[in-house]
Amino acid sequence: METTTSPRATFQQQVLDRLGLDICAGRYAPGQTLPRENELCERFALSRIVIREAVKSLAAKGMLEVRRKVGTLVLAPSSWNLFDPDIIAWRTQAAGDDLEMSRDLLDLRRIVEPAAARLAAARAGDADLAAVRGAFERMRRAVAGDGDYVAADLAFHSAIFTASGNQFVSQILVALTGLLRQGFAIVSRKPGGPLASLPLHEDLCRAVEARDPAAAERAALALIDRAALDLRECLPAEPRQTGAAPDISITRKE
């Protein structure tokens, strides 16, 4: 049976998106209270039920806290669910290519991906190896103009994480997908970027196929180092709030 989205759900998503974007853009800063419910109803020309559900959703994402006798308080980003796809989308839309988010993602990738690649090389079964090779071939075709490169790149990394054979590592990928998609999309805009990174992906693919954990770990680190270089070229060097430029640095394993 087909289902349709109710008008209330549609309106709720519109309010959710608008308020989420306003918070990410700093229109409502941490520590500030949202306008009262009746003011939001007037702003959006919608019912209290719709407004309340949108606020409830933002609270569930860690962005708001409803306090008695105080109002609805905007929380600092440290309280947000930063892996939430909506929050990732709002932050990207509000700030464009977020330098600090890209830097922090690279740090997280250095912590997680080399270990996942090592596990994949040690534990991958035949079906896992086929998935890794198949995703790489999708990347090769996409570089040649046949297919979506970002989607193929995500599929490749997903196959590596799945091949690790660790349920927690696999779940980390679910959380990381939105962030990785944003990072891959930025790098894919660099002329020749996807083509230049293809051999590095193939090195990782071959290391996993050869069941060589050390080589797989090195290949994963090389990929992340390349991504850091590409991001430094693709993103504008805007100053951070402290006055220092964001450091999208490369930390090589000694």
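The values are calculated or read from the model by the stated rules, or taken from the named source; none is laboratory data. Because the structure is predicted, anything quoted here is derived from the model rather than measured. Positions of Cβ are backbone-derived with ideal geometry, glycine not excepted, and every protein chain shown enters the neighbour counts.
See the values below:
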quantity	calculated
Output for the range 163-172, where each listed residue is surrounded by fewer than 20 Cβ atoms within 10 Å (Cβ to Cβ) and touching a residue at least 24 places away in the same chain (Cβ under 8 Å)	165, 166, 169, 172
The one condition in (1) surrounded by fewer than 18 Cβ atoms within 10 Å (Cβ to Cβ); (2) acidic (Asp, Glu); (3) closer than 22 Å to residue 104 by Cα; (4) modelled with pLDDT of 95 or more that residue 212 fails to fulfil	(3)
Only one of 227, 219 that is over 29 Å from residue 89 (Cβ atoms) and in the same structural domain as residue 113 (by TED's automatic domain parsing)	219
Count of the range 57-98 residues which are charged (D, E, K, R), in contact with a helix residue (DSSP H, G or I) (Cβ under 7 Å, 6 or more places away or on another chain) and crowded, with 16+ Cβ neighbours inside 10 Å	5
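Conditions (1) closer than 30 Å to residue 81 by Cβ; (2) at pLDDT 85 or above; (3) hydroxyl-bearing (Ser, Thr, Tyr); (4) in a helix (DSSP H, G or I), marked per residue:
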site	(1), (2), (3), (4)
173	yes, no, no, yes
185	yes, no, no, yes
208	no, yes, no, yes
217	yes, yes, no, yes
241	yes, no, no, no
244	yes, no, no, no
